[in-house]
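What follows is a set of notes on a single structure, which appears directly below.
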Amino acid sequence: MGIPAGSADTNEVLEMMTHIVDGDVQSWYAAWSGLGDRVLALAETNHDQLSSGQAHLRAHNYQRTAEFLLPPNDPKRAGSWEKLLTRYKKGLDRLGVKWEAIAVPYHGGTLRAHYFPGVPGAAEKPLIMLVGGFDSILEELYPMLGKAALDRGYSLLAYEGPGQGQALRDGMKFAHEWEKTDDGRAG
């Protein structure tokens with residue numbers, strides 16, 4: 001959930017869970033999205049960079065969790081996706097996290113990646129590369145594992161594979177051989 005990285009708060013989550021009706025996907029969405037909106041309001045009125053940045057990341061994570069169980073054709077998905085991306089980027093920026101968005105060409109489309117440069121001297125350490133599991137999105141990798149790598153002085157490259165996050169939304173299905181280039185060679 002990202003509590004150690006500051007992208008969730010135990011008390012917020014426990015209180016929100018009282019609003020979910022067992023087996024009701026729409027109540028799941030409403031409860032998590034509502035929590036994300038409330039935390040976003042806190043983020044935008046807080047003038048402390050650290051508190052505001054962490055609140056933006058919590059708002060992002062709650063919105064990400066909200067849409068997770070929605071059916072693929074649910075009309076709320078597009079707006080939810082835009083909300084979580086905006087909140088994530090603003091959170092990183094408010095926290096002063098240096099990062100760069102990268103578009104990687106892949107089989108006629110693109111895969112998204114984020115590069116997080118480490119502290120001075122990080123080039124002397126191995127680059128840590130992160131990719132999530134089957135149904136992951138790129139933005140969940142920083143709070144889950146990336147922050148810990150950066151805190152320890154490593155540079156980080158996080159990326160989505162085909163069938164994940166934006167690639168899936170763009171119609172790119174899951175592929176079992178991500179390493180293959182368009183001509184079938186190892187990349």
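A few comments on the model shown:
- Candidates 6, 79, 96, 53: the one that is modelled with pLDDT of 95 or more and either within 24 Å of residue 129 (Cβ to Cβ) or assigned by TED's automatic domain parsing to the domain that holds residue 151 (or both) is 96.
- In region 5-12, the count of residues that are without any contact (Cβ under 8 Å) to a residue 12 or more places away in the chain and farther than 29 Å from residue 162 by Cα is one or more.
- Applying the set (1) surrounded by 21 or more Cβ atoms within 10 Å (Cβ to Cβ); (2) free of Cβ contacts under 8 Å to residues at least 40 places away in the same chain; (3) not hydrophobic (A, V, I, L, M, F, W, C) to residue 46 leaves exactly one unmet item: (1).
- Qualifying residue in region 158-181 (condition: outside any helix (DSSP H, G or I), among the β-branched types (Val, Ile, Thr) and surrounded by 18 or more Cβ atoms within 10 Å (Cβ to Cβ)): no
- Residue match in region 31-42 (condition: of a type outside the set (Ser, Thr, Tyr) and either without any contact (Cβ under 8 Å) to a residue 12 or more places away in the chain or not in a helix (DSSP H, G or I) (or both)): yes
- Check on residue 125, at pLDDT 95 or above, surrounded by 14 or more Cβ atoms within 10 Å (Cβ to Cβ) and of a type in the set (Lys, Arg): no
- Verdict on residue 88 being surrounded by 23 or more Cβ atoms within 10 Å (Cβ to Cβ), farther than 21 Å from residue 17 by Cβ and aromatic (Phe, Trp, Tyr): yes
- Number of positions in region 4-23 that are in a loop (DSSP other than H, G, I, E, B) and in contact with a helix residue (DSSP H, G or I) (Cβ under 9 Å, 6 or more places away or on another chain): 10
- With respect to (1) surrounded by 15 or more Cβ atoms within 10 Å (Cβ to Cβ); (2) over 14 Å from the mean Cα position of the chain (by Cα), the lone exception for residue 80 is condition (2).
The values are calculated or read from the model by the stated rules, or taken from the named source; none is laboratory data. These numbers come from a predicted model, not from an experiment. Here the Cβ is made from the backbone with ideal geometry for all residues, glycine too, and neighbour counts use every protein chain on show.
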